[in-house]
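Enquirer: Attaching a single structure in structure tokens format; questions to follow.
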Amino acid sequence: MKIDENLTIHNIVTENITVVNSAELIVLGTVNGNITIESNSSSIIHGIVNGIIYNYGSCEIFGTIYGNVIGENIKIDQNSIIIKNN
């Protein structure tokens, strides 16, 4: 799924997501897949991600990640949970 305009997810998405074109993705629900955030795009995670976050833009994490977080310019809240896959 390619996101090219601002979007808020309130429910469950069961595929990989790519955020492009300076769009912002806000996750309040659950993503069962990977999220790729391309340059000039952003994502704010309050919900759950069951996959890897590849960040080339800007990412803030307040929720739970069951997977790895790869990239720079990532803000991780002290109350968030990240369970990395080996």
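No value in this document is a laboratory result; all are computed from the given coordinates. The structure displayed is predicted, hence computed values, not measured ones. As a convention, Cβ positions derive from the backbone with ideal geometry for all residues, glycine included, and neighbour counts pool all protein chains shown.
Enquirer: Would you work out the charge dipole size for the range 2-83 about its Cα centre, treating the Cβ of every Lys and Arg as +1 and the Cβ of every Asp and Glu as -1, and quote it to the nearest 20 debye?
Expert: On the way: 2 positive and 8 negative charges, 35 e Å.
Dipole size: approximately 160 debye.
Enquirer: Loop-only GluC sites (Glu not before Pro) in the chain, please: DSSP not H, G, I, E or B, and at most 15 other Cβ atoms within 10 Å.
Expert: Numbers: sites: 5, 15, 24, 38, 60, 72; in loops: 5, 15, 38, 72.
Qualifying residues, ordered by number: 5, 15, 72.
Enquirer: To one decimal place, what Kirkwood hydrodynamic radius in Å is obtained for the chain from all pairs of distinct Cα atoms?
Expert: This gives a value of 12.2 Å.
Enquirer: Considering only the other residues whose Cβ falls under 13 Å of the Cβ of residue 58, what net charge follows from Lys and Arg at +1 and Asp and Glu at -1?
Expert: -3
Enquirer: If you don't mind, another one. Taking only C-alpha pairs under 8 Å that are 6+ residues apart, what is the relative contact order of the range 4-86 in percent? Could the numbers behind the result be given before it?
Expert: Numbers: 259 pairs, mean separation 17.2, N = 83.
Relative contact order, the range 4-86: 21 percent.
Enquirer: For residue 82 and residue 10, calculate 0.36 nm times their separation in residues minus their Cα-Cα distance, and state this gained length in nm to one decimal.
Expert: 23.9 nm
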